[in-house]
1. Choose one answer from A:Glu145, A:Glu15, A:Glu110: the residue with the largest mean-square fluctuation in a GNM of chain A with alpha-carbon springs under 10 Å.
2. Taking a spot 7 Å from the Cα of B:Glu280 along the direction of its beta carbon, which residues of region B:322-345 have an amide N less than 18 Å from it?
3. Using θ = phi - 60° and the Karplus relation 6.51 cos²θ - 1.76 cosθ + 1.60, list the HN-Hα couplings for region B:260-272 in order, rounded to whole Hz, with x at every Gly or Pro.
4. Can you list, bin by bin at 5 Å, the percent of alpha carbon pairs in region B:53-112, starting at 0?
5. Compute the distance from the alpha-carbon center of region B:414-458 to that of region A:71-123, in whole Å.
6. Which of the pairs B:Lys231/B:Lys354; A:Lys114/B:Lys112; B:Lys112/B:Lys335; A:Lys67/B:Lys231; B:Lys213/B:Lys361; B:Lys213/B:Lys343 have their Cα atoms more than 21 Å apart in this structure?
7. Specify whether the C-alpha gyration tensor of region B:65-155 places it in the rounded, prolate or oblate class, a ≥ b ≥ c being the square roots of the eigenvalues: rounded for a/c under 1.5, otherwise prolate if a/b is larger than b/c and oblate if not.
8. Give me the compactness ratio for region A:8-156, meaning the Cα radius of gyration over 2.2 N^0.38 Å.
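The values are calculated or read from the model by the stated rules, or taken from the named source; none is laboratory data. As the structure is a computational prediction, the values presented were derived from the model and not from experiment. Ideal geometry is used to build each Cβ from the backbone, glycine not excepted, and the neighbour counts take in all protein chains shown. Note: accessible area is taken over every heavy atom of the protein model, side chains too, but ligands, DNA and RNA are not part of it. Shrake-Rupley method; radii C 1.70, N 1.55, O 1.52, S 1.80 Å.
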Amino acid sequence: MSESVSNPTLRAECEEFLYHAAELLDDRKLTEWHDLVTEDIDYRVPIRTTRERSNTTEFSDTSFHMKEDWGTLEVRTERMQSDFAWSEDPPSRTRRHVSNVRIVDDDGEEVTLKNNLLIFRQQGDETDPDILSMERHDTLRRTDEGFKIAERRVLLDHTIIPTNTLSIIL
Amino acid sequence: MSHGIDESQSTSQTEFGRVKALLERMGETLEDGEVPMQILNDDAVHQLELERIFGQTWVYVGHESEVPEPGDYRQRTIGEDPFIFVRGEDGDFRVLFNSCRHRGANVCRAEKGNTSHFRCPYHGWTYKNTGDLVGVPQKAAGFDHLDAEERGLHEAPHVEEYNGLVFACVAPEVEPLEEFLGGATWFLDMYFDLIDMEVIGDPHRWEVENDWKTPTENFYGDNYHIPMGHKSAIDAGVGSDTATGEKESNLYGIADCDGHGFSFYQIESEEDSYWGHPPEVVETFNHDALDDDQHEVARKSGVTLGTIFPNLSFIFLGGRDDPEKDSVGTFLLRKWEPRGAGKMEVVNWILAPKDASDEYKERVYEVGMSNFSPSGNFEVDDVGIWYGIDEAAGSVFARQNDDVNTLFTMGRGENPAATVYDEWVGPGTAYLEGGMTDENQLDFYRTWHEAMTSDGGM
């Protein structure tokens, strides 16, 4: 681990960025969120399966709920804002709770970190919310415009997705 | 989950009587294109479906490529019942009931893996991957009377495979799989005989607050919903080249095909289509496997979709996940699993031609996932347009009024756009302008109704 890893100022900077990015998604400012990803972003949400304890990983390296680059994220964020995106009209009410931010490494150009994310999601008159729980492994790159997300691995705590659609960004 | 008809004898009788009357009413209005909406969310109907449909007919369990090696297994359900789809050490497929013969606990707890044996954690009874009971702790001391040969894991009595698709039936008697598939084999050959397909990775699984029959009827051929329901994705320039208008096509809806339903978007051009697969991939196909008529339909195919009764649907499409990228041919196989009245689990597999390059298969996966999966640009709006069907179907109002029906009368007026295409070369009846008929979708409810009323002793 480099010296900066235990630097509370760095962690606070990263937290501030993650909170800002979460706020944009909760406020449905999807184009502004898309501006926070690098042009070479690698964004993946691998499928998780129930495996025996002795197995090394529960996450697939070939199958995904999302496997995105800059272009496909642009398609998704534009589509979600269409007047005909029925899955999000009326829109979901989402609240992203970002926590447990842990800096893994900082090479000066990029910071790698882990964080937990709990998403509360409700639509219409539902009273039971859909809860999505996950750990994210992120790589944040320092640019002239501040941090941008260069890589994201979303490790879900679900094998069967407990919500009708993933028409939201994780 | 509620099991209304099992709650007590008197409740059971009342509920049976109610469902019987409902099915009788449905029988009277079905050919007029009216289906009681309440069948889409009704505990007693649901319970009867599990018994009379999922407990009686062939149900898809998995593709051979999901369990390539002896000992490979995947947990699967038939209706709501737990089974293990396993390739035994002898190389044969079996569909074993995931319940110890001793006290009933699951003998398999992982979703997938490879094993020589399944061992029950309760008392340690151990079964080979063929289901044979081979280990009973302290057998001599307590079970010297037990004949292990009689106590292997229960298994589905019928397991058959068609072009790599493995189906099981849990009823004692059933017709051979090919007979059940009937005319559907003509279509399945076009995908699984022409092309050696393999499943990529693990399926998507997600829960949806809709009855399994809603997507099933849709995949019998509801092409009418596409311009409205999927406008957001089409406007974004993703999905199939026929939907975006990149390529012009004729749509054929296939009805009257032994209880199954299909749709074909045909691109009438000298240029080969083969669902958007490029020439180097098309070269790997088994072109001799099809007769000339089938082959010509395959060659012109832009998108094809359909459903094998009761709950196995597919869509094969040439399309893209980004307007800036090349289109590829992606195949999605999906099973709409009942999970209580008005609820389902969707299981979604993405398949690619086995002999294509790894890079191409990766693109096939990406395009499939991007359009049809829990995050799919098309799929999310399918679910998004079905909101509330469960609520309306489960309402007292729907039960109290005989005219709360879903409607399948499209194309029955005096000048319908959809017309029977006399030169159709395959099985069933083909309707040109196939998006403007309901005859293919009505076939689902005809088959469903027949299965639900097949036991006169209700």
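1. Largest GNM mean-square fluctuation: A:Glu145.
2. B:325-330
3. Along region B:260-272, the couplings run 10, x, 9, 9, 10, 9, 9, 9, 7, 8, 5, 5, 5 Hz.
4. The distribution over region B:53-112 is 4, 19, 28, 23, 18, 7, 1, given as percents.
5. Taking the Cα centre of each part, region B:414-458 and region A:71-123 sit 43 Å apart.
6. As for pairs spanning more than 21 Å Cα to Cα, those are B:Lys231/B:Lys354; A:Lys114/B:Lys112; A:Lys67/B:Lys231; B:Lys213/B:Lys361.
7. Verdict is prolate for region B:65-155.
8. For region A:8-156, the normalised Cα radius of gyration comes out at 1.09.
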